[in-house]
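Read-outs: derived from the displayed coordinates by stated rules, not from any lab. Everything quoted here is computed from the prediction, not taken from an experiment. All Cβ positions, even for glycine, are placed from backbone atoms using ideal geometry, and neighbour counts span all protein chains on display.
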Amino acid sequence: MEVMRRLVTRGGTGLPVALFAMVAGGCGDILRGPIPVTFEREEWSFSNAKGAKLTSEHYVIHTTCKSKPFTDALPQFVESCWSAYAELLPSDRAPDRPLETYLFQTRWQWERFTEEFAGARADTYMQIRSGGYSERGVTVSHYGTRRQTLSILAHEGLHQYLEVTHGRPIPAWVNEGLACYFESFDLTPDGRAVFVPERNSLRTPALREALRTKSLQPLSQILATDAGREIHKPSAGVLTYYAEAWSLVVFLMRPRHVNPYHDGFRQMLRDLGTDAMERKARAFMAADTDGRMSRGEAIFRAYVTDDTERFWSDYEQYLYQLLSMAG
């Protein structure tokens with residue numbers, strides 16, 4: 001049964017959204033099919049650019065994207081992301097209001113908003129070459145291409161979800177790896193995302209190049225890295241970091257019968273943001289006599305394996321299989 005969207009613009013009335021035709025250009029690449037998500041549309045603007053505010057069960061999307069059919073499809077997409085996040089990472093902490101997402105038509109609008117919203121951190125975010133960010137439970141991004149834009153929404157949405165439902169800082173390798181895990185998807189006829197993490201075309205080129213040039217970053221470096229510092233590095237290093245974080249999570253998410261690290265990783269996901277995780281991390285760090293172990297590495301060793309040499313060997317062998325699946 002098709003659900004009606006509610007219009008609350010001046011003089012508007014409830015109208016059904018029947019289908020979308022594929023068109024090209026700008027924010028005009030859109031989805032085909034009925035939208036079974038109820039949402040409200042209101043007028044909204046930023047810096048003299050007219051836009052819309054779209055409110056669904058879990059999200060409030062503020063957007064200046066010009067294509068109304070495209071923006072009408074966004075609530076369905078982000079709500080399907082929420083469902084996937086919640087299935088993998090359930091939490092008893094529910095937000096008390098819909099989560100805010102800003103999607104701008106242009107980078108100029110994104111930069112002006114970032115200057116106002118992010119304060120002292122704005123200069124750091126300005127170094128992001130393409131993409132978006134999540135700050136204080138709010139995601140902020142700008143349009144690129146249709147596929148890239150939806151991938152960014154899914155990526156930043158995972159960061160946002162973890163922040164509001166799990167609270168405590170999540171190790172960067174887990175946080176970024178999971179965010180990249182949700183970047184690749186197929187779209188159903190009604191615009192829902194069906195995630196296919198092994199086919200992440202955003203990350204496979206950098207991973208393939210790192211394998212070819214033998215320039216994979218060491219496991220200890222990946223586990224210790226603060227993603228916020230990565231954007232200051234040369235582009236190739238940034239891309240390699242994200243590709244490895246993605247592939248690391250894909251490797252750990254494989255089924256139990258082919259993955260000896262499955263149970264430990266799944267327990268780690270259940271413990272994200274809990275006192276239990278902090279206790280385990282502190283215990284491993286206390287036993288580190290030279291004081292070099294990062295919190296991210298301590299959590300990895302506590303849950304996944306303490307035999308990092310064997311793990312790295314298994315992981316490197318898997319990368320060639322992953323790249324063959326990705327095409």
With the dipole of the chain worked out from charges on the C-beta (+1 for Lys and Arg, -1 for Asp and Glu) around the Cα centre, which of Val174, Trp82, Thr308 lies farthest toward the positive end? Trp82
Sequence-distant aspartates and glutamates (8 or more away, or on other chains) whose Cα lies within less than 17 Å of Lys280: Asp263, Asp271, Asp288, Glu297, Asp306, Asp307
Protection-proxy order for peptides 113-125, 58-70, each taking the mean of Cβ atoms within 10 Å per residue, highest first: 58-70, 113-125
Cα long-axis angle, helix 172-181 against the chain (0 to 90 degrees, to the nearest 10): 50 degrees
Cross-link reach from Lys214 to lysines, straight Cα distance under 30 Å and at least 8 residues apart if same chain, gives Lys233
Which percent of Cα-Cα pairs in the chain sits in each 10 Å bin, short to long? 5, 25, 33, 23, 10, 3, 0
Pairs of alpha-carbon atoms within less than 8 angstrom and 6+ residues apart define the contacts here; what relative contact order does the chain have, in percent? 13 percent
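Report the charge-dipole magnitude of the chain in Debye, nearest 20, computed about the Cα centre from +1 at each Lys and Arg Cβ and -1 at each Asp and Glu Cβ.
Numbers: 38 positive and 40 negative charges, 126 e Å.
That gives the chain a dipole magnitude of about 600 debye.
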By a straight-distance test (C-alpha under 15 Å), which aspartates and glutamates pair with Lys53 as possible cross-link partners, with residues fewer than eight away in the same chain excluded? Glu40, Glu42, Glu43, Asp72, Glu100
With n ≥ 4 as the cut-off for DSSP H runs, can you work out [θ] at 222 nm for the chain, using -39500 (n - 2.57) per run divided by the number of residues, rounded to the nearest 500? -15000 deg cm²/dmol
